[in-house]
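The values are calculated or read from the model by the stated rules, or taken from the named source; none is laboratory data. Since the structure is predicted, the reported quantities are computational estimates derived from the model, not experimental observations. Every residue, glycine among them, receives a Cβ derived from its backbone with ideal geometry; neighbour counts consider all protein chains shown.
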Amino acid sequence: MSEMMSLQVEVREKAGSRQAARLRENGKVPAVVYGHKKESIAIALNIHEFVEALHHSHRLFTAELPGGKQTLLLKALQYDYLGKDVIHVDFIRVDLTERVTVKVPLELRGTAKGAAHGGILDELLASLEIECPVVEIPKSIPVIVRELEVGDSITAGQISLPSNCVLKTDPKALVIICHEVMEIKTTEEVAAEQPVAPEVITERAPKEGEEGGEESKEGKESKGGKESKGSKESKESK
C-alpha cells in the first residue's frame with residue numbers, strides 16, 4: 001500500500017501573482033485541490049515539508065480541508081524557469097477504493113553487456129503511464145538492462161509491471177536502446193575527409209599572333225596595309 005503523509009495546509013483567501021510571491025517569500029508554496037465534482041480549494045503548503053515528502057517519493061497525502069479530512073493525490077508540479085524550485089502544486093481528491101492513471105518513474109538496474117563493447121544506454125522514456133489502485137501506486141518501475149547488447153532495445157510492452165497495474169503508454173514505444181558511441185569529429189577533421197575537387201582547366205583564348213587566333217600583324221599588312229609587288233607592277237603596265 002502506498003504510504004500516506006499528512007500535510008499541514010492553510011486555505012488561501014486571496015489569489016493572484018502578488019499573493020503567490022508573498023507566500024514563497026514566507027517559505028510556502030501555493031496549491032490547489034480539485035476533483036470528485038467538488039469546488040476547487042486554493043491552499044498553501046510549507047515548502048520545506050512538501051519538498052522533503054517529494055524526496056521520499058510520497059504521492060498520496062491527507063489534509064484537513066473545509067468539509068473534513070480528505071485524501072489527495074499529487075497530480076502536477078510547476079517549477080520556476082530554471083526547473084529548480086516548485087512554485088505551484090496541483091492535487092486531486094481521491095477515494096482509497098478507486099483506480100487512477102499516473103506516471104511512474106523508471107529505475108534502470110544492472111550494467112548492459114553492450115557497455116563492454118563500446119555501447120552506451122540511451123533512455124528515451126523516463127517514466128511509464130499506468131493505471132492502478134490509488135493505494136498501490138509504485139514509487140518506481142524497475143527495468144533490467146544487463147542483457148542488452150549493442151543494437152538491442154526495450155519497449156514499454158516488454159517491461160514487467162507490478163500486479164494490478166495496467167500499461168497506458170504505447171506498448172511499442174521505445175524506452176531503452178543500447179547503441180555505439182558516435183565519434184565526434186572536429187571541423188578540421190571533417191574538412192580533411194572531404195574529397196579534393198579536381199582542378200578545372202578552362203581553354204584560354206589565343207593571343208594576337210598565336211596560331212588559331214586573330215590574324216597576325218604581317219597578315220593584316222599584306223592584305224590591307226601594303227599592296228603586294230605583283231599588284232603594283234600590274235598598275236604600272238596599265
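Rundown of residues vs (1) surrounded by fewer than 17 Cβ atoms within 10 Å (Cβ to Cβ); (2) in contact (Cβ under 8 Å) with a residue 24 or more places away in the chain, yes/no style:
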| site | (1), (2) |
| --- | --- |
| E136 | yes, yes |
| P142 | yes, yes |
| V145 | no, yes |
| L148 | no, yes |
| I159 | no, yes |
| V166 | yes, yes |
| T169 | no, yes |
| K172 | yes, no |
| I177 | no, yes |
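Just for the stretch 45-59: of the residues that are out of contact with any Lys or Arg (no Cβ under 8 Å at 6 or more places or on another chain) and part of a helix (DSSP H, G or I), which one is farthest from L23 (Cα to Cα)?
It comes out as H55.
For the structure I just gave you, tell me whether R59 is touching a residue at least 60 places away in the same chain (Cβ under 8 Å) and more than 27 Å from T97 (Cα to Cα).
Here the answer is no, as R59 does not meet what is asked.
Is there a residue being among the aliphatic types (A, V, I, L, M), surrounded by 15 or more Cβ atoms within 10 Å (Cβ to Cβ) and under 33 Å from the mean Cα position of the chain (by Cα) anywhere in the stretch 18-26?
Within the stretch 18-26, one or more residues are among the aliphatic types (A, V, I, L, M), surrounded by 15 or more Cβ atoms within 10 Å (Cβ to Cβ) and under 33 Å from the mean Cα position of the chain (by Cα).
Just checking, how many residues over the stretch 88-108 are of a type outside the set (D, E) and under 23 Å from the mean Cα position of the chain (by Cα)?
Total satisfying the criteria: 6.
Return the residues of the stretch 61-89 that are of a type in the set (D, E, K, R) and either part of a strand (DSSP E or B) or crowded, with 18+ Cβ neighbours inside 10 Å (or both); say none if nothing qualifies.
Matches in the stretch 61-89: E64, K69, K75.
Since V102 meets every condition but one in (1) assigned to a loop (DSSP other than H, G, I, E, B); (2) assigned by TED's automatic domain parsing to the domain that holds V166, which condition does it not meet?
For V102, the failing item is (1).
Can you find, within the stretch 110-134, the residue that is nearest to E3 (Cα to Cα) among those that are part of a strand (DSSP E or B), under 23 Å from the mean Cα position of the chain (by Cα) and without any contact (Cβ under 8 Å) to a residue 40 or more places away in the chain?
Step one: filter the stretch 110-134 for residues part of a strand (DSSP E or B), giving 119-123, 127-133.
If we keep only those that are under 23 Å from the mean Cα position of the chain (by Cα) as well, we get 119-123, 127-130.
From what is left, the residues that are without any contact (Cβ under 8 Å) to a residue 40 or more places away in the chain are 127, 130.
Numbers: S127: 20, I130: 18 Å.
My answer is I130.
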